[in-house]
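Asks: Handing you this structure, nothing more for now.
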Amino acid sequence: VPYFFIPFSFLFVLLKILISSTYLLITLFHSFMLVTAFLFVYLIIRELAANNKKNDTFSVELPAILGGLFYAFTPVIGPNWDKALITHNQVFLNPLIFWLLLRFVNTKKSLYLLVVLLLTLIFAPNFSFISAPPFFAFYPLALLFVFLYGKYILRTTFPWRIALVTFFLFVMIHAFHLFPQLVMLFDRESNLYQRVFTSGEIASALQFFTSIHPNVRLSDNLLALPQVYSNFSIGFFIFPMILIFGLLFNRRAIFLLAFTFLLLI
């Protein structure tokens with residue numbers, strides 16, 4: 001196996017000592033994933049909507065609750081949970097870490113980044129080569145959004161020194177599985193080298209991407225709902241309309257939110 005599952009596996013070993021039933025352990029963890037996903041999407045929307053001048057229940061709390069429920073119960077979240085995919089952790093890790101980054105930019109407290117580092121260590125495979133597609137699909141845009149949000153919406157100076165120290169620590173605590181993969185990457189006999197540098201393997205990967213591209217384009221299948229309910233796909237024009245009206249109610253962030261949304265299309 002070209003990556004190491006040590007922290008996450010050790011966490012489950014400890015939990016298994018406390019919870020004897022494997023079924024109960026898996027059920028509790030999946031429940032934790034959904035509850036955490038809802039909670040931190042709620043907190044993200046609440047954090048972004050806090051700049052609203054009205055700052056009341058209707059303009060802050062209600063959109064945050066509805067957004068969290070929508071994220072947790074969207075059909076695209078649920079399929080394939082019977083498969084042992086470590087990328088499922090991204091369902092709650094993405095909103096959790098994104099909220100921590102927002103709080104860091106807003107408060108300048110390094111504690112939030114320390115929590116991020118701890119999470120990346122516990123769920124290390126989600127930040128390794130094995131999870132590269134979901135990682136690079138989310139974090140570059142997420143980090144860009146957080147930076148622009150702090151600079152142009154909050155109008156605060158970005159703490160580059162703390163950010164650089166955090167990045168260095170991130171590399172160090174993940175050295176135990178990133179460095180072996182780098183060694184494999186430049187080993188001509190390894191499968192990893194063949195996948196990255198061999199023209200045949202690259203062409204095969206591109207063919208796979210081309211085949212699934214129509215199914216993952218946001219402009220074609222917003223939130224992948226038409227794939228789940230194909231008979232009612234014509235009704236899902238309502239979601240981009242909701243997003244457009246949502247942008248209009250937060251004028252300070254409308255350009256940044258619209259720009260990020262258009263990148264996904």
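Asks: I need every pair where a residue in the stretch 86-105 that is closer than 29 Å to residue 156 by Cα has its Cβ under 9 Å from the Cβ of a residue that is among the basic types (Lys, Arg) and not in a helix (DSSP H, G or I), sequence separation at least 6 or different chains.
Replies: Short answer, once both residue conditions are applied: 103/109.
Asks: Next up: Starting from the stretch 169-187, take each residue that is outside any helix (DSSP H, G or I) and list its partners that are open to solvent by less than 50 Å² (accessible area, probe 1.4 Å) and not polar (S, T, N, Q), counting only C-beta distances under 7 angstrom and pairs at least six apart or across chains.
Replies: 174/124; 174/127; 186/193; 187/193
Asks: Considering only the stretch 32-86, how many residues are open to solvent by 80 Å² or more (accessible area, probe 1.4 Å), closer than 30 Å to residue 6 by Cα and modelled with pLDDT of 85 or more?
Replies: Summing the residues that are open to solvent by 80 Å² or more (accessible area, probe 1.4 Å), closer than 30 Å to residue 6 by Cα and modelled with pLDDT of 85 or more in the stretch 32-86 gives 2.
The values are calculated or read from the model by the stated rules, or taken from the named source; none is laboratory data. The structure presented is a predicted model; accordingly, all values stated were derived computationally and were not measured. Every residue, glycine as well, gets a Cβ built from its backbone with ideal geometry; the counts of neighbours run over all protein chains shown. Note: accessible area is taken over every heavy atom of the protein model, side chains too, but ligands, DNA and RNA are not part of it. Shrake-Rupley method; radii C 1.70, N 1.55, O 1.52, S 1.80 Å.
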